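Visitor: Supplied in structure tokens, the structure appears directly below.
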Amino acid sequence: QVQLVESGGGLVQAGGSLRLSCAASGGTSTNMVMGWFRQAPGKEREFVAAVSWGGSIRYYADSVKGRFTISKDNAKNTVYLKMNSLKPEDTDVYYCAADVRPSSYQDPGKYTYWGQGTQVTVSS
């Protein structure tokens, strides 16, 4: 079992920045992919970014490319999502996810392990 604990959400004005953290523990593996997803009430969970366990391969949704950066601290088994130039439409609950070589890094249904979520609210 893998446990994921997110932190770092909050309220920020449009144009501001936040950094989310996701600490992984338990049965982690060097074949794991770590991802960030977000979800608004009544909507489907949406892919944001993903990173390979070693941190060298990164993927981004088009909507966040150039504004968000995913990174990984291997010593701490922690994944970060640095969010810059935030927009009101980035307001969502953000979830950390992990799985061993998911067949699709963008599909939330391919991830087994999930954190509890952290709220990000961007005011205009």
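The values are calculated or read from the model by the stated rules, or taken from the named source; none is laboratory data. Not measured: the values here are computed from a predicted model. Here the Cβ is made from the backbone with ideal geometry for all residues, glycine too, and neighbour counts use every protein chain on show. All accessible areas refer to the heavy atoms of the entire protein, side chains included, with ligands and DNA or RNA removed. Shrake-Rupley method; radii C 1.70, N 1.55, O 1.52, S 1.80 Å.
Visitor: Counting just the residues of region 1-16 that are within 16 Å of the chain's Cα centre (by Cα) and β-branched (Val, Ile, Thr), which one comes out most open to solvent (accessible area, probe 1.4 Å)? Show your work before the answer.
Guide: Restricting attention to region 1-16, the residues satisfying the condition of being within 16 Å of the chain's Cα centre (by Cα) are 2-10.
From what's left, β-branched (Val, Ile, Thr): 2, 5.
On the way: VAL2: 15, VAL5: 86 Å².
Among those residues, the one meeting the criterion is VAL5.
Visitor: Is one or more of the residues making up region 24-35 open to solvent by 40 Å² or more (accessible area, probe 1.4 Å), modelled with pLDDT of 95 or more and assigned to a loop (DSSP other than H, G, I, E, B)?
Guide: Just the residues of region 24-35 that are open to solvent by 40 Å² or more (accessible area, probe 1.4 Å), to begin with: 25-28, 30-31.
Checking the rest, the ones that are also modelled with pLDDT of 95 or more come to none.
The answer is no; no qualifying residue exists.
Visitor: So, one more: Name the single residue that is least open to solvent (accessible area, probe 1.4 Å) among those in region 66-124 being of a type in the set (D, E, K, R) and in a loop (DSSP other than H, G, I, E, B). Before the answer, list the steps.
Guide: Looking only at region 66-124, we keep the residues that are of a type in the set (D, E, K, R), and these are 67, 72-73, 76, 82, 87, 89-90, 92, 99, 101, 107, 110.
Applying the additional criterion that residues be in a loop (DSSP other than H, G, I, E, B) yields 67, 76, 87, 101, 107.
Numbers: ARG67: 31, LYS76: 131, LYS87: 82, ARG101: 168, ASP107: 58 Å².
In this case the residue turns out to be ARG67.
Visitor: Still on this structure: Just for region 27-83: of the residues that are over 20 Å from GLN3 (Cβ atoms) and of a type in the set (Asp, Glu), which one is nearest to the chain's Cα centre (by Cα)?
Guide: Within region 27-83, the match that is nearest to the chain's Cα centre (by Cα) is GLU46.
Visitor: Considering only region 94-108, I want to know if a residue exists there that is more than 21 Å from GLY54 (Cα to Cα) and touching a residue at least 60 places away in the same chain (Cβ under 8 Å). Walk me through how you get there before you give the answer.
Guide: So in region 94-108, the residues more than 21 Å from GLY54 (Cα to Cα) come out as 94.
Adding the requirement that they be touching a residue at least 60 places away in the same chain (Cβ under 8 Å) leaves 94.
Yes, some residue in region 94-108 is more than 21 Å from GLY54 (Cα to Cα) and touching a residue at least 60 places away in the same chain (Cβ under 8 Å).
Per-residue answers, yes or no, for (1) of a type in the set (A, V, I, L, M); (2) at pLDDT below 95:
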residue	(1), (2)
ILE70	yes, no
ASN74	no, yes
TYR80	no, no
MET83	yes, no
LEU86	yes, no
ASP92	no, no
TYR111	no, no
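Visitor: Can you confirm whether region 49-57 contains a residue that is at pLDDT 95 or above, open to solvent by less than 20 Å² (accessible area, probe 1.4 Å) and not in a strand (DSSP E or B)?
Guide: no
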